[in-house]
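Notes to accompany the following structure.
The values are calculated or read from the model by the stated rules, or taken from the named source; none is laboratory data. Every value quoted in this text rests on a predicted model; they were computed, and no experiment measured them. With ideal geometry, Cβ positions are generated from the backbone for all residues, glycine too; neighbour counts draw on all protein chains shown.
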Amino acid sequence: MIMSNLPILFPLAVALGALVWCFRWALMRRRDGALADPADETPTADKRFTRLDWILLGGLTAVYAVVAFIGLGSTKAPQSFLHFEEANVYAQIELNKPQNITALRYYCGLNTADYRLQFSMDKKNWTDQVQADGTSGMVQQYTQLFRWNDAVLNADNGPVRYIRITSGGDEYLGEVAIYGEDGSRLGLDDMVAAEGCEPLVDEQGLVPEKYSFMNGTYFDEIYHARTALEMMEEMWPYEITHPPLGKAILSLGIRMFGMTPFGWRFMGTLFGVLMLPLLYLLLKRMFGYTAVAAGGSTVFAFDFMHFVQTRIATIDTYAVFFIILMNLFMYMWLTEPPDRPKRRLLWLALAGASFGAGAASKWVCIYAGAGLGVLWLVYWIVRFVREKKAALNEFVLNVGWCLIFFVLVPCAIYYVSYWSYGPSQMADGPLRIFNRDYLQTVLDNQAYMWNYHSDLVSTHPYSSKWYQWLADARPILYYLETAPNGETISFGAFNNPLVSWAGLLAMGGMGWLAIRRKDERAAFIFIGYMANLLPWVLVSRLTFAYHYFPCTVFLVLAIGYIFADLRRLDRHWKVSIGSFVAVTVGLFIVFYPVLAGVPRTTAYSSVFLKWFVDTWPF
């Protein structure tokens, strides 16, 4: 009876804990009188990094890096491909003796294909292998690239001596594995590829027992990983619905580790690790307390969205990385004393460059950039109220610098990011960016992206609306597999429930403090959150839980604000902060199977993970 009620008790306990935790904070602030005097908000703690800060940050980053890179993906995958440059070109494999072929597994490379697969005993009479609807038994669809696939074979082929694969166009085909009558895979001694067809059988040791996310692409990796390779090879990119910088960064992992699952996921995971020092620095700068910086960074490290989303080879990771970076530098500018004009100018320039890099990775960073614009405007309004005409000259000069840092520099970064965007069709050399074709390509892509996203009409079983993100109500399922022993392997992207629910309550507090109490730090957090959320309220196209990822950063900052108040007001602050962090990490451990794709039993899912029966697909 108790076990059957656990799926209900868990979310109720976490929700109640989040509510009590935030309510207790509000009561402590009211008793302290802090709500009535925002001038007393500045913490007295030293904001400079100490030795303890370096130790805690280094330890957290190292621990998270180990957790993040474990089980990321295979470091091996076929690297040689047979390139069919045109249609009706065939490759042939000869068996050393007639065999009853029961299965054929193949690894797809670039470009879609509809191969003609044929078997023969004498090289004169060929039998087509077709599916039930008469289509080819060996296809290479856009969803199957850089992963293992199984051909559909006729029910009764009889003995086979020759296998022929005929192309349908410009296609790349990797390794081909052939299975005999007893179900065992044939070795190199059992077959020989025709001259020029050796890439089909030269890496037989890499053939897995089955396809999985560990040895091939999944979800939107089918777009971004292949596009990163195409940009490396100076081919025209397939995925052109987003700017190219994120895919260019992604390609660095492929250059280091090859076109393997580990290679195309490496840079995203690395950037996910690097987010922690940036957030730690921002928390330290905002609140001054080492406990707040360490606690908040740990909460972010073990948020589900941060972990899952940075381990998939898509571009959202880079967008969020640059969002953290631009907000860090903007906060440095906002809080740098006016008597340090050179340092203030440096922070502003770095914020603009980070905004440019983010926009060149994904357009969602423009939303975050608008948040910076609101912060900038509020800053100058406050300055004018306090100083009146004294700030006018500085304002005019600052407008000029902002036109450079937030318009000219980002446009330049954005424009140059197209350097590897189909350069084979443009002028070569450093002067490529001044070529008219280069400019036209950039302009054409902007129009295409706008039309694509504004006109997109589609459905998806795991899509969600913005209001579902707030309650963590609808994860997006990335992968699902049933193991032979009946266990389930699946994972998806959603927030740690404690971070999501306590963070949302804390964000309500930030809104109150910002609007009614003119709290500047709360305003910074609240404006950043709303800038990344409100645009999605107006979007009618298909959306997913991962679009909430940038908002997660500000949820953690709001939680960090409460940590800072507890550190200042609560005699038992170590217990208050420590217990929140401990529950966050504990939930991560409990949900780890559906975050990393670890096999789990149905009983485990039903008892511990099925918090929302109708909307959580675990």
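Determine whether segment 545-554 contains at least one residue that is touching a strand residue (DSSP E or B) at 6+ places or on another chain (Cβ under 6 Å), under 19 Å from residue 611 (Cβ atoms), assigned to a helix (DSSP H, G or I) and hydrophobic (A, V, I, L, M, F, W, C). Within segment 545-554, one or more residues are touching a strand residue (DSSP E or B) at 6+ places or on another chain (Cβ under 6 Å), under 19 Å from residue 611 (Cβ atoms), assigned to a helix (DSSP H, G or I) and hydrophobic (A, V, I, L, M, F, W, C). Within segment 264-289, the set of residues being under 19 Å from residue 560 (Cα atoms), buried (at least 24 other Cβ atoms within 10 Å of the Cβ) and of a type in the set (D, E, K, R) comprises 284 only. Kindly check whether there is at least one residue in segment 259-267 that is within 26 Å of residue 493 (Cα to Cα), touching a strand residue (DSSP E or B) at 6+ places or on another chain (Cβ under 8 Å) and aromatic (Phe, Trp, Tyr). No, there is no match, as no residue in segment 259-267 is within 26 Å of residue 493 (Cα to Cα), touching a strand residue (DSSP E or B) at 6+ places or on another chain (Cβ under 8 Å) and aromatic (Phe, Trp, Tyr).
Answer yes or no as to whether residue 241 is within 16 Å of residue 361 (Cβ to Cβ) and in contact (Cβ under 8 Å) with a residue 12 or more places away in the chain. Break it down into steps so the answer makes sense when it comes.
On the way: within 16 Å of residue 361 (Cβ to Cβ): yes; in contact (Cβ under 8 Å) with a residue 12 or more places away in the chain: yes.
The answer is yes for residue 241.
Between 435, 398, 451, which is surrounded by 12 or more Cβ atoms within 10 Å (Cβ to Cβ) and not assigned by TED's automatic domain parsing to the domain that holds residue 365? Please lay out each step first, then the result.
Details: 398 fails: not assigned by TED's automatic domain parsing to the domain that holds residue 365; 451 fails: surrounded by 12 or more Cβ atoms within 10 Å (Cβ to Cβ).
Just one listed residue meets the conditions, 435.
Here segment 523-541 is the region considered, the condition is being of a type in the set (Gly, Ala, Ser) and within 15 Å of residue 557 (Cα to Cα), and the residue that is surrounded by the fewest Cβ atoms within 10 Å (Cβ to Cβ) is 523. If you go through segment 73-82 and keep only what is within 20 Å of residue 193 (Cα to Cα) and surrounded by fewer than 19 Cβ atoms within 10 Å (Cβ to Cβ), you end up with 79, 80, 81. Per the listing 258, 253, the residue uniquely modelled with pLDDT of 95 or more, outside the structural domain of residue 164 (by TED's automatic domain parsing) and at positive phi is 258.
Give the number of residues within segment 560-588 that are surrounded by 15 or more Cβ atoms within 10 Å (Cβ to Cβ) and basic (Lys, Arg). The number of residues fulfilling the criteria is 2. Where residues in segment 83-106 are touching an Asp or Glu at 6+ places or on another chain (Cβ under 9 Å) and among the polar types (S, T, N, Q), which of them is surrounded by the most Cβ atoms within 10 Å (Cβ to Cβ)? That would be 99.
Of all residues in segment 371-391, those satisfying the criterion of being under 30 Å from residue 448 (Cβ atoms) and either surrounded by fewer than 17 Cβ atoms within 10 Å (Cβ to Cβ) or within 22 Å of the chain's Cα centre (by Cα) (or both) are 371, 373, 374. The lone criterion from (1) within 22 Å of the chain's Cα centre (by Cα); (2) over 23 Å from residue 9 (Cβ atoms) left unmet by residue 567 is number (1).
Would you check if residue 266 is of a type outside the set (D, E, K, R), in contact with a Gly (Cβ under 8 Å, 6 or more places away or on another chain) and either farther than 30 Å from residue 207 by Cβ or assigned by TED's automatic domain parsing to the domain that holds residue 569 (or both)? Yes.
Quick check: is even one residue across segment 359-377 more than 21 Å from residue 242 (Cβ to Cβ) and β-branched (Val, Ile, Thr)? Among the residues of segment 359-377, at least one is more than 21 Å from residue 242 (Cβ to Cβ) and β-branched (Val, Ile, Thr), which makes the answer yes. Among the residues making up segment 327-360, those that are surrounded by 19 or more Cβ atoms within 10 Å (Cβ to Cβ), of a type in the set (Gly, Ala, Ser) and in contact (Cβ under 8 Å) with a residue 40 or more places away in the chain are 351, 352, 353, 356, 357, 358, 359, 360.
Within segment 23-36, residues that are closer than 13 Å to residue 563 by Cα reach partners that are modelled with pLDDT under 85 and not small (Gly, Ala, Ser) with beta carbons closer than 8 Å, at six or more positions or on different chains, in the pairs 29/35. Taking the condition outside the structural domain of residue 316 (by TED's automatic domain parsing), under 24 Å from residue 415 (Cβ atoms) and in contact (Cβ under 8 Å) with a residue 40 or more places away in the chain, does residue 214 pass? The answer is no for residue 214. For residue 146, the conditions (1) in the same structural domain as residue 89 (by TED's automatic domain parsing); (2) touching a strand residue (DSSP E or B) at 6+ places or on another chain (Cβ under 8 Å); (3) at negative phi are fulfilled apart from (3).
With the structure loaded, tell me whether residue 490 is at pLDDT 90 or above and assigned to a strand (DSSP E or B) or whether it fails that test.
Details: at pLDDT 90 or above: yes; assigned to a strand (DSSP E or B): yes.
Answer is yes for this residue.
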